[in-house]
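Just below is one structure, and these are the notes that go with it.
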């Protein structure tokens, strides 16, 4: 039996290396092919940009400023917070004064419609949106001036109902931020760029998603998603149910992570793991195949033989080199030495992957929630609504 387990772990490691290599090659090709900047045609439709806010994320003022400086004919910025004393309020108001030519509105609304705090903010902004294209954008992203032009051009492709973006982590100065940006640049980005092609299941990143107001209304509006944790992915599923495609732009936008703690890194990936397991338990179980470092370490630990340790070391070195190649294609600002942490990061993520099999509760933006089927949210036992 022990020989069978060793053989299974070794075979899984080899399969995992194949999976991550194919995903990396696809992502490198798509990233390089998609670098050309789009040109304004003069007929671009107007866009309402939704920015739900809570607290002052790393470099929030610079992140929001990049949206005020978009080079696009017609758009509006809609900001929402629950608390009038939220530090984001002052930052938004200062930017509104600096860019009076940009149509913008700040909505302070404490009323809660459901358990998803982000969707609560989106519901409050919806009545103020004046345009037919909607863009949801998180507070911790920073974009280039042609960002909106790129997304609108891709949405204009026949049959397309939603466009999301590739995410590049930047700005890391703490251990948690380094690991987070390594993961965004060398795991999340290849997964987003390759999953649709390989498995026909596009991944929608809620940090950047452009779609039509009419399609959202056909799905029941934001209210239909207010008690779901994975509102971004499920809006994408809904768009596909309407017979439309979900596309991913290979032009990466910045996810600014400067001072993340290890606790933040760990909690985020446990929460993301719960989302993926809730959406598809079978596929989530197979995700471990995308972590050959963890599989090789499990093989070495089970075998205990010197040859197994050699295999583990070679797999780790290969993964470091492969992720470095992807990081260069992503134009990452991580230093070369940071890639030596790839094996440690992968082992942390293997732990995060295992926890959702035994845990259903998350803490998100201060809310204690229980995650059910299809990421349905309810109050965690003992929590205060």
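Assorted remarks:
- Comparison of 350, 294, 301 shows that the only residue that is surrounded by 14 or more Cβ atoms within 10 Å (Cβ to Cβ), part of a helix (DSSP H, G or I) and more than 22 Å from the chain's Cα centre (by Cα) is 294.
- Qualifying helices (runs of 4 or more DSSP H) (wholly inside the stretch 189-263; at least 2 residues being under 15 Å from the mean Cα position of the chain (by Cα), buried (at least 23 other Cβ atoms within 10 Å of the Cβ) and in contact (Cβ under 8 Å) with a residue 60 or more places away in the chain): 189-199, 231-241
- Evaluating residue 20 against the criteria (1) touching a residue at least 40 places away in the same chain (Cβ under 8 Å); (2) within 18 Å of residue 135 (Cα to Cα) leaves one unmet condition, (2).
- From the list 67, 115, 79, the one residue that fits, being over 23 Å from residue 151 (Cα atoms) and either in contact (Cβ under 8 Å) with a residue 24 or more places away in the chain or more than 20 Å from the chain's Cα centre (by Cα) (or both), is 115.
- The number of residues in the stretch 53-82 being loosely packed, with under 14 Cβ neighbours inside 10 Å and either at pLDDT below 95 or assigned to a loop (DSSP other than H, G, I, E, B) (or both) comes to 4.
- Those residues of the stretch 329-343 which are part of a helix (DSSP H, G or I) and surrounded by 15 or more Cβ atoms within 10 Å (Cβ to Cβ), in sequence order: 329, 338, 339, 341, 342, 343
- Residue list for the stretch 83-95, filter: surrounded by fewer than 18 Cβ atoms within 10 Å (Cβ to Cβ) and either touching a strand residue (DSSP E or B) at 6+ places or on another chain (Cβ under 9 Å) or closer than 16 Å to residue 144 by Cα (or both): 83, 84, 86, 89, 93
The values are calculated or read from the model by the stated rules, or taken from the named source; none is laboratory data. Just so it is clear, the structure is predicted and the values come from calculations on it, not from any experiment. Glycine gets a Cβ as well: all are built from the backbone with ideal geometry, and neighbour counts include every protein chain shown.
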